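**Q** The structure that follows is given in the form of structure tokens.
Throughout, read-outs are computed from the coordinates displayed, never taken from laboratory work. Since we're looking at a predicted model, the values are computed, not measured. Cβ coordinates were reconstructed from backbone atoms using ideal geometry, including for glycine residues, and neighbour counts include every protein chain displayed.
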Amino acid sequence: MKTSKRKLLLLFSIVVIGYLFIMVFPFLWIFITSFKTSGEIFGTGAFNIIPEDPTIKNYITILFEKGILRAIFNSFVVAISTTIYVIFVASLCAYAISRFQFRGKSILLGLVLAVSMFPQMIITGPVYNLFYDLGWLNSYFVILPYSTITLPMAVWILVTHFNQIPLALEESAKIDGATRVQTLTKIVFPLAAPGVFTTAIITFIAAWNEFLLTITLNTESNYHTVPVAISFLRDQFSILWGEVAAATTIVTIPTLIIVLIFQRQIVSGLTSGGVKE
Amino acid sequence: MKQKLGFNGWLYLLPTLILIGIFSLWPVIQSVTYTLFDYKLNDQQKSGLYLNERFNTDLFHETALYIDLFLSEDLANITNNEDKVRAEETIEDVKSVSAEYKGVDGVIEITSGQRNEIVRLYEDTKGIISELTAEYSLTHGDSLPLLVEDFNKSIIPSNFIGLAAYKEAIGDKRVHIALWNTILFTVVSVSIELVLGLGLALILNKAIKGQGLVRTTSLIPWAIPTAVAALMWSYLYDGSSGVVAHFFENLGLINQSQDLLLSQGGAMVSTILADVWKTTPYMALLLLAGLQNIPGSLYEAASIDGASKFKSFFSVTLPLLKSSILVALLFRTLDAFRVFDLIFVLTGGGPGGATETMSIYAYKTMFGQTNFGYGSVVVMIMFVCVAIIAMIFVRLLGTNLLDRN
């Protein structure tokens, strides 16, 4: 009995270690490649674990010649502004859904859920025409249609969080003579803050990773975000893997930092809302 | 007791309703409209939705100007006096019709009387020009007959085609292949992810040690942009410098490392593997959360009743995990069915359409060939499939999904 349990534990450990290795390996390999020279990557040294002749030339080219910094800047602008307005709009909506009784509530929830299931491709054509007519192509207005992906998800997670705040607290505040605004600022906001924060992080990541709308609406490289700028490195005549590796390493850093700092919130957001990818 | 939502309360909902209305619902209705038209942005006669005939005044004015100019220049070459008079009359005719639309530009609606006049002008001018070019050697003898055709083209026929595009799509081989590729990709990758994710979640639920590390590591593939992950894998799969391709070749899974991305089967396997790498951790996290909600006392009770580990998995774990599994499956299936970034960056749909999914085909049709009409039909087929998948899952879940809120 004892030995079989130990064997099982050993097996589990091997599986977990194998899993960790598979998850980390691509990043590790990209990181190693980013310090290799082109000669080494395309020559016999392609599979060296330690670069023969470590160089930071790839990083210099990517940062100063290929405009990856501009893409990172754009991504921050787009992701932060999307997060701010989506969280504001979604909080209002989720608060009403969670706290008030009204007709058409389940229709509204159903609608929110349905929109989150739409194939994104269905909105790109008409939105492209709309932006063309308004002269909004190649601008930061792209954050408005980002609401299709982020808003339903944000509403959904926030409703779950708001429902967990006991209604009794608000009622007793009211009995104690608090005004509506006081109830909101003194009771609801502090209690809702963790949920709102969780939703904000998930929204930020979703906006940061958006690809289709940016590639169709913002064709000028000045407005490319990280995922789109990265995809264009693939299109080049001969793929310079060293630069690709350096670019990938750089753009992974912001995501890595966010995951490391906010992993608890992310997991709670993912599991409470049954969020999509 | 929850309050009733008054008029002011609706203000809470208004911004959401406006955003969803403009950027989600209106585009869907618009897309449905596109499918009924032969709508191509790069074709002068089809670049709008024309239920009725229209008249392109810009093209008409330009054509009239050149015909006037060319014919006037060629008057010297016409020796017969009678023909000369007829040519002059034609010039006057063109000028007078053109004058009726003076100051009008863009695409306008016209009455049938106006239409008949333009058609008459076209036919008359065409007749005379063909006679003259046959009779005399004109300076503009080559360009005039071509030019006069633009009179005809300035009348834009209705490009309403009803359901014809759907009919075309049903018989379109490329749609069949794309649909099959999408289904294959979805079914295979989601099944693998479910099995691996469930296994992983079960292990993690037991082994408390190192759970934090595993959780952190799992979140990274989920959190990085799909395009970045796809580019990373395209390097690992690369025929000459890719370490994964090299590894597979050494294992004997493929004949030569180039086969991975450049053979039809290899490309599909590669995209599925990349997707499994990126989303299995997400699946595992969702299922792990479900597992942790199952009270341990149930397992104790099962073991007291003499149930084996195996038995308690099937009669305690699975039934209680059912709704977690279904929710995870629903979102993963829909995501896999809509897959775009991963394939767009990794293979671009190639080689030879082997990994072309519905989204990729729709994107290529709409933004590659600017054929918004047919592209929308492809999207609409996808939309219907997504709706069917969603309905099946919502049925299976019962009212759980909405009840939770």
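**Q** Can we say A:Ile149 is in contact with a Phe, Trp or Tyr (Cβ under 7 Å, 6 or more places away or on another chain) and either of a type in the set (Phe, Trp, Tyr) or under 13 Å from B:Ser24 (Cα atoms) (or both)?
**A** No, not satisfied.
**Q** When you scan region A:7-50, how many residues do you find that are more than 10 Å from chain B (Cβ to nearest Cβ), crowded, with 17+ Cβ neighbours inside 10 Å and not β-branched (Val, Ile, Thr)?
**A** 2
**Q** Based on this model, can you work out whether B:Gly106 counts as free of Cβ contacts under 8 Å to residues at least 24 places away in the same chain and of a type outside the set (A, V, I, L, M, F, W, C)?
**A** It is false that B:Gly106 is free of Cβ contacts under 8 Å to residues at least 24 places away in the same chain and of a type outside the set (A, V, I, L, M, F, W, C).
**Q** Report the residue count in region B:340-358 for those that are more than 10 Å from every other protein chain (Cβ to nearest Cβ) and either of a type in the set (A, V, I, L, M, F, W, C) or under 18 Å from B:Leu198 (Cα atoms) (or both).
**A** Here the count works out to 2.
**Q** Residues to consider are B:Ala354, B:Ala284, B:Ala301, B:Ala274; find the one that is free of Cβ contacts under 8 Å to residues at least 60 places away in the same chain and aliphatic (A, V, I, L, M).
**A** Numbers: B:Ala354 fails: free of Cβ contacts under 8 Å to residues at least 60 places away in the same chain; B:Ala284 fails: free of Cβ contacts under 8 Å to residues at least 60 places away in the same chain; B:Ala274 fails: free of Cβ contacts under 8 Å to residues at least 60 places away in the same chain.
Of the residues listed, the single one that is free of Cβ contacts under 8 Å to residues at least 60 places away in the same chain and aliphatic (A, V, I, L, M) is B:Ala301.
**Q** Something else about it: So how many residues does region A:102-149 have that are assigned to a loop (DSSP other than H, G, I, E, B), more than 7 Å from every other protein chain (Cβ to nearest Cβ) and not polar (S, T, N, Q)?
**A** So the count comes out to 6.
**Q** Let me ask another. For region A:80-93, enumerate the residues that are small (Gly, Ala, Ser) and either facing another protein chain (nearest Cβ under 9 Å) or crowded, with 18+ Cβ neighbours inside 10 Å (or both).
**A** Within region A:80-93, A:Ala90, A:Ser91 meet the criteria.
**Q** Of all residues in region A:153-164, which are facing another protein chain (nearest Cβ under 9 Å) and crowded, with 23+ Cβ neighbours inside 10 Å?
**A** Matches in region A:153-164: A:Val155, A:Trp156, A:Val159.
**Q** Moving on to the next point. Would you pick out the residues in region B:1-45 that are at the interface with chain A (Cβ under 7 Å from one of its Cβ atoms) and within 18 Å of A:Val86 (Cα to Cα)?
**A** Of everything in region B:1-45, those that are at the interface with chain A (Cβ under 7 Å from one of its Cβ atoms) and within 18 Å of A:Val86 (Cα to Cα) turn out to be B:Tyr12, B:Leu13, B:Pro15, B:Thr16, B:Leu19, B:Ile20, B:Phe23, B:Ser24.
**Q** Right, another one. Answer with yes or no whether A:Ala96 is part of a helix (DSSP H, G or I), within 12 Å of chain B (Cβ to nearest Cβ) and over 30 Å from B:Lys4 (Cα atoms). If you could, list the steps in order and put the result at the bottom.
**A** Values: part of a helix (DSSP H, G or I): yes; within 12 Å of chain B (Cβ to nearest Cβ): yes; over 30 Å from B:Lys4 (Cα atoms): no.
The answer is no for A:Ala96.
**Q** Determine if region A:210-225 includes at least one residue that is assigned to a helix (DSSP H, G or I), surrounded by fewer than 17 Cβ atoms within 10 Å (Cβ to Cβ), among the charged types (D, E, K, R) and more than 11 Å from every other protein chain (Cβ to nearest Cβ).
**A** Taking every residue of region A:210-225 in turn, none turns out to be assigned to a helix (DSSP H, G or I), surrounded by fewer than 17 Cβ atoms within 10 Å (Cβ to Cβ), among the charged types (D, E, K, R) and more than 11 Å from every other protein chain (Cβ to nearest Cβ).
**Q** Here are some conditions: (1) crowded, with 19+ Cβ neighbours inside 10 Å; (2) not in a helix (DSSP H, G or I). B:Thr280 meets all but one. Which one does it not meet?
**A** So the condition that B:Thr280 fails would be (2).
**Q** Yes or no: A:Thr55 surrounded by fewer than 18 Cβ atoms within 10 Å (Cβ to Cβ), more than 14 Å from chain B (Cβ to nearest Cβ) and among the polar types (S, T, N, Q)?
**A** yes
**Q** Among the residues of region B:278-292, what is the count of those that are of a type in the set (A, V, I, L, M, F, W, C), closer than 29 Å to B:Ile343 by Cα and facing chain A (nearest Cβ under 7 Å)?
**A** If we filter region B:278-292 for residues that are of a type in the set (A, V, I, L, M, F, W, C), which is where we start, we get B:283-289, B:291.
If we keep only those that are closer than 29 Å to B:Ile343 by Cα too, we end up with B:283-288.
In the following step, the residues that additionally are facing chain A (nearest Cβ under 7 Å) were identified as B:285-286.
Total meeting the criteria: 2.
**Q** Something else about it: Out of (1) in contact (Cβ under 8 Å) with a residue 24 or more places away in the chain; (2) within 30 Å of A:Leu113 (Cβ to Cβ), what's the single condition that is false for B:Ile78?
**A** Just one mismatch for B:Ile78, condition (2).
**Q** For B:Leu200, which of the numbered conditions (1) within 30 Å of A:Ile201 (Cα to Cα); (2) of a type outside the set (Ser, Thr, Tyr); (3) out of contact with any Phe, Trp or Tyr (no Cβ under 7 Å at 6 or more places or on another chain) fails to hold?
**A** Just one mismatch for B:Leu200, condition (3).
**Q** Let me ask something else about it. Please work out if A:Ser4 is over 30 Å from the mean Cα position of the chain (by Cα), surrounded by 14 or more Cβ atoms within 10 Å (Cβ to Cβ) and not aromatic (Phe, Trp, Tyr).
**A** In short, no.
**Q** Could I ask something else about it? Kindly indicate the residue of region B:300-337 that is under 22 Å from A:Thr271 (Cβ atoms) and of a type in the set (D, E, K, R) and also surrounded by the fewest Cβ atoms within 10 Å (Cβ to Cβ) among those meeting that condition.
**A** Looking at residues that are under 22 Å from A:Thr271 (Cβ atoms) and of a type in the set (D, E, K, R), I get B:Lys322.
**Q** Would you say B:Ser241 is within 14 Å of chain A (Cβ to nearest Cβ), touching a His at 6+ places or on another chain (Cβ under 9 Å) and not charged (D, E, K, R)?
**A** no
**Q** Given the conditions (1) surrounded by 13 or more Cβ atoms within 10 Å (Cβ to Cβ); (2) more than 30 Å from B:Val379 (Cβ to Cβ), which single one is not true for B:Val28?
**A** (2)
**Q** Continuing with the same structure: Could you grab me the full set of residues in region B:186-210 that are assigned to a helix (DSSP H, G or I) and either facing chain A (nearest Cβ under 8 Å) or out of contact with any helix residue (DSSP H, G or I) (no Cβ under 6 Å at 6 or more places or on another chain) (or both)?
**A** Correct list: B:Val187, B:Ser191, B:Leu194, B:Val195, B:Gly199, B:Leu200, B:Leu202, B:Ile203, B:Leu204, B:Lys206.
**Q** Report, by residue number, each residue of region B:244-269 that is in a helix (DSSP H, G or I), away from chain A (no Cβ under 13 Å) and within 29 Å of the chain's Cα centre (by Cα).
**A** B:Asp259, B:Leu260, B:Leu262, B:Gln264, B:Gly265, B:Gly266, B:Ala267, B:Met268, B:Val269
**Q** Out of all the residues in region B:183-196, is one or more in contact with a Phe, Trp or Tyr (Cβ under 9 Å, 6 or more places away or on another chain) and closer than 21 Å to B:Ser376 by Cα?
**A** Yes, region B:183-196 has at least one match.
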